[in-house]
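Read through the structure below, which is laid out as structure tokens, and then see the notes.
The values are calculated or read from the model by the stated rules, or taken from the named source; none is laboratory data. Because the structure is a prediction, the values reported are computed rather than measured. Surface accessibility is based on the protein's heavy atoms, side chains included, excluding ligands, DNA and RNA. Shrake-Rupley method; radii C 1.70, N 1.55, O 1.52, S 1.80 Å.
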Amino acid sequence: MKYQVNENCIGCGLCIGICPNVFQMSDEGVAKAVVDEVSEENMADAGEAAQSCPVAAIEEA
């Protein structure tokens, strides 16, 4: 599974706190997905990050 961060991101960092192996802050101050394919070991945390996003900026790609 892949995730992407859309233009709704406000840069709160919640996703990075939950799943730093998949999400990081970009130079623009918003989150970005840094892996092409989420590994099995990160799948639960990545899903939790997507569900926890306050502006629903994380979506399956």
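A 1.4 Å probe run over the protein chains yields, for the chain, 61 Å² of accessible area per residue, whole-number rounding. The C-alpha atoms of the chain define a longest principal axis, and helix 43-52 lies at about 30 degrees to it. Which percent of the accessible area of the chain is formed by carbon and sulfur heavy atoms (probe 1.4 angstrom)? Taking all protein chains in place, the chain shows 44 percent carbon and sulfur surface. Please state the shape class of the chain: rounded when a/c is under 1.5, otherwise prolate if a/b exceeds b/c and oblate if not, all from the C-alpha gyration tensor. Judged from the Cα gyration tensor, the chain comes out prolate (a/c at least 1.5, a/b above b/c).
Applying 0.36 nm per residue to the separation of Q4 and M25 and subtracting their alpha-carbon distance, the gain on full extension is 6.3 nm. Normalising the average separation of contacting C-alpha pairs (under 8 angstrom, six or more residues apart) by the number of residues puts the relative contact order of segment 1-60 at 46 percent.
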